[in-house]
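Everything below concerns the one structure shown next.
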Amino acid sequence: MERGTLNGCRALDLSNTVNLNVETVHRLITLFPNISYRLEALSYTGHVAISEQFWIDAIRYLRRIK
């Protein structure tokens with residue numbers, strides 16, 4: 001991410017990633033705006049800690065989500 005290799009990424013599927021917690025995904029979305037502003041799709045399911053509040057907080061960083 002720091003090298004810019006994900007800058008062209010339009011969709012990201014993080015579903016069922018055992019070692020990836022909600023806080024890490026939230027940091028990915030908030031700290032790397034060059035990635036989050038370009039995303040058109042984000043899938044993140046299969047983690048028990050995902051809540052509606054996570055999506056409410058995250059959606060403002062995902063400008064192009066369809």
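Since every read-out is calculated from the coordinates, none of them should be taken as a lab result. Predicted, not measured: the structure shown is a model, and the values here were computed from it. Glycine also receives a Cβ, built like all others from the backbone with ideal geometry; neighbour counts cover every protein chain displayed.
Observations
- Scanning the stretch 26-66 for residues that are out of contact with any Leu (no Cβ under 6 Å at 6 or more places or on another chain) and of a type in the set (Val, Ile, Thr) returns ILE29, THR30, THR45, VAL48, ILE50, ILE56, ILE59, ILE65.
- All of (1) surrounded by 12 or more Cβ atoms within 10 Å (Cβ to Cβ); (2) touching a residue at least 12 places away in the same chain (Cβ under 8 Å) hold for GLY8 with one exception: (1).
- Pair list, Cβ under 6 Å, 6 or more apart: the stretch 30-47 residue among the aromatic types (Phe, Trp, Tyr), other residue surrounded by fewer than 18 Cβ atoms within 10 Å (Cβ to Cβ): PHE32/MET1; TYR37/ARG63; TYR44/LEU14
- Wholly enclosed helices (runs of 4 or more DSSP H) of the chain bearing at least 3 residues in contact with a strand residue (DSSP E or B) (Cβ under 7 Å, 6 or more places away or on another chain) and among the hydroxyl-bearing types (Ser, Thr, Tyr): none
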